[in-house]
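Student: Got a structure for you, written out below as structure tokens; questions coming shortly.
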Amino acid sequence: MIKILNIIGARPQIIKAAAISRAIKNHFQNEMEDVVLHTGQHYDDNMSQIFINELQVSKPKYNLGIGSGSHGKQTASMISGLEEIILKERPDYVFAYGDTNSTLAVSIAASKIKIPIVHIEAGLRSFNKNMPEEINRIMCDHVSTLLFSPTKTGIHNLKNEGFKVESKGPYSFNNPGVFHSGDVMYDNTVYFSKVAEQNSKILTKLKLERNNFILLTVHRDHNTDNPEKLHSIFNSIQEISTSFNVQFVIPLHPRTFKLLNLNISPDLNNKISKNSLIKIIEPVSFFDMIMLEKYSLMVFTDSGGVQKEAYFFEKPCIILRPETEWVELVESGMAIITDTNETKIKEGFQHFINSSALVFPSIFGNAKASEFICKKILENS
């Protein structure tokens, strides 16, 4: 029996872990043991526990309860806690997802103890090291034993960084295996889409007309902590909503909600609060998010995961960042990078509104990435 220590911390990691937990339960329960550890990076119930419950992730055996803090303080606390649990459990592999501080922490803790790391979403690059996420994903890739990239671009990036993408097993710390797996997030979208239809009441609750509202998410600190950027984003949606009579729905992280009142002008804040076309709501559950993405007109976001999910549901996307690690979305023409430039945001919106035909080529696999990952682990054990 192979023991997996599944590390989650932020909402996107819980979603990705759900696909792996489901694959183990359905196909590999006699061969793999799924031990889940929650770092506590996202500690609010709306940000964490509700996702674990809805997605039926294996109940966390451990919760480090780290909470918020500076990057250094948060990561250091995680490393200490993770090291203790890894030494206690002695797993055959630890799973690291994506690019958060939890990803970085488990990369350092496990590699020092020489426990093989499986990095899911390996090879993604924004080529902007000013983003903490870029540092985290690079560090994780370069200490991992098995690297699973959701896209061919990710494989190309790893090859450019010196990985021998054609290497053969057995794989180890010094001979890592690189695989094009498809996207576990796509696995979940396909699996949970029908479930969300039955369980979510968000459209009725918010009195939303299907395919006639825009979903906006903003959470990255280079946007939320910068008054000029945050003001530009919200001034753009204020003008778009009033000029085109279009509804915006904005689930806000608790931290972003606090910063909104601090980092936009009192005049704009007043306009937004009185604008019936702008609905600012609390973070939503996974099922509710699926429904908002699935029935939106388009998506505005600075989230990497939400960019992809918009594509999964064939919704055009405005990317509120200067670059994206999901370059295929832009190359397909179904996403436009605008950063926080008001002119570009408005032009991007008008471009998609005026487009008569939107085509979404298949990019992210066959919705069986999690099964592929588990099989490769068993082959290497």
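Quick note: the coordinates plus some simple rules give every number you see, no bench work behind them. These numbers were taken from a predicted model, which means no experiment stands behind them. Counting neighbours? That spans all protein chains shown, and the Cβs are built from the backbone with ideal geometry, glycine included.
Student: Most mobile of 341, 261, 157 per a Gaussian network model of the chain (Cα springs, under 10 Å)?
Tutor: Highest fluctuation among the options: 261.
Student: Can I ask one more? Using helices alone, I'd like the mean residue ellipticity at 222 nm for the chain: each DSSP H run of four-plus residues gives -39500 (n - 2.57), total over residue count, nearest 500.
Tutor: It comes out at -14500 deg cm²/dmol, rounded to the nearest 500.
Student: Any idea what diffusion coefficient the stretch 137-194 gets from Stokes-Einstein, in µm²/s, Kirkwood Rh on alpha carbon pairs, 25 °C, 0.890 mPa s?
Tutor: The diffusion coefficient I find is 199 µm²/s.
Student: Next question. Amide H of residue 217 versus every other amide H placed in the peptide plane: which residues, excluding those fewer than 5 positions away on the same chain, fall under 5 Å?
Tutor: 300, 301, 302
Student: Please work out the FRET efficiency for the pair residue 381 and residue 87, using the Cβ-Cβ distance as r and a Förster radius of 25 Å; give the result to the nearest 0.05.
Tutor: So the FRET efficiency works out to roughly 0.75.
Student: Could you line up 92, 267, 141, 288 from fewest to most neighbouring Cβ atoms inside 10 Å?
Tutor: 267, 92, 288, 141
Student: How long is the gain from residue 166 to residue 114 if the chain were fully straight, where each residue apart is worth 0.36 nm and the alpha carbon distance is subtracted?
Tutor: Gain in length upon complete extension: 16.4 nm.
Student: Something else: Once phi is turned into θ = phi - 60°, what whole-Hz ³J(HN,Hα) does the Karplus curve with 6.51, -1.76 and 1.60 give for every residue of the stretch 372-378, x standing for Gly and Pro?
Tutor: Result, ordered by residue: 4, 4, 4, 4, 5, 5, 5 Hz.
Student: Tell me which residues come under 5 Å, amide H to amide H, from residue 93 once H is placed; ignore anything under 5 positions away on its chain.
Tutor: 3, 5
Student: Using a 10 Å cut-off around each Cβ, can you sort 291, 131 from fewest to most neighbouring Cβ atoms?
Tutor: Ordered from fewest to most neighbouring Cβ atoms within 10 Å, 291, 131 come out as 131, 291.
Student: May I ask you to order 359-367, 112-120 by the average number of other C-beta atoms within 10 Å around their residues, highest value first?
Tutor: 112-120, 359-367
Student: Shifting gears a bit: For the stretch 114-161 and the stretch 227-272, compute the distance between their C-alpha centroids and round to whole Å.
Tutor: 33
Student: Per-residue HN-Hα couplings for the stretch 313-325, Karplus 6.51 cos²θ - 1.76 cosθ + 1.60 at θ = phi - 60°, whole Hz, x for Gly and Pro?
Tutor: 9, 6, 10, x, 9, 9, 9, 8, 9, x, 7, 9, 7
Student: Follow-up. If amide H atoms are built 1.01 Å from N in the plane of the peptide, which residues on other chains or at least 5 residues away come under 5 Å of the amide H of residue 172?
Tutor: Amide H to amide H, under 5 Å and 5 or more residues apart or across chains, residue 172 pairs with 177.
Student: Using only C-alpha atoms and all pairs of different ones, pull out the Kirkwood radius for the stretch 323-367 in Å with one decimal.
Tutor: One over the average 1/r among Cα pairs gives 11.9 Å for the stretch 323-367.
Student: From zero outward in steps of 5 Å, how is the percent of C-alpha pairs of the stretch 194-353 spread across the bins?
Tutor: For the stretch 194-353, the binned pair fractions read 2, 9, 20, 23, 22, 15, 7, 1, 0 percent.
Student: Report the charge-dipole magnitude of the chain in Debye, nearest 20, computed about the Cα centre from +1 at each Lys and Arg Cβ and -1 at each Asp and Glu Cβ.
Tutor: Once rounded to the nearest 20, the dipole reads 440 debye.
Student: Oh, and also: Could you give me D for the stretch 289-361, from Stokes-Einstein at 37 °C and 0.692 mPa s, where the hydrodynamic radius is the Kirkwood radius over C-alpha pairs? Units µm² s⁻¹, please.
Tutor: Using the Kirkwood radius from Cα pairs, D works out to 273 µm²/s.
Student: What list of ³J(HN,Hα) couplings, whole Hz, do you get for the stretch 136-145 from phi and the Karplus terms 6.51, -1.76, 1.60, once you set θ to phi - 60° and write x for glycine and proline?
Tutor: Once θ is set to phi - 60°, the couplings for the stretch 136-145 become 4, 6, 5, 4, 5, 4, 7, 10, 8, 8 Hz.
Student: Counting other beta carbons within 10 Å of each Cβ, put 243, 149 in order, fewest first.
Tutor: Going from sparsest to densest Cβ surroundings: 243, 149.
Student: Which order, highest average first, do 72-79, 29-36 follow once you tally other Cβ atoms within 10 Å for each residue and take the mean per peptide?
Tutor: 72-79, 29-36
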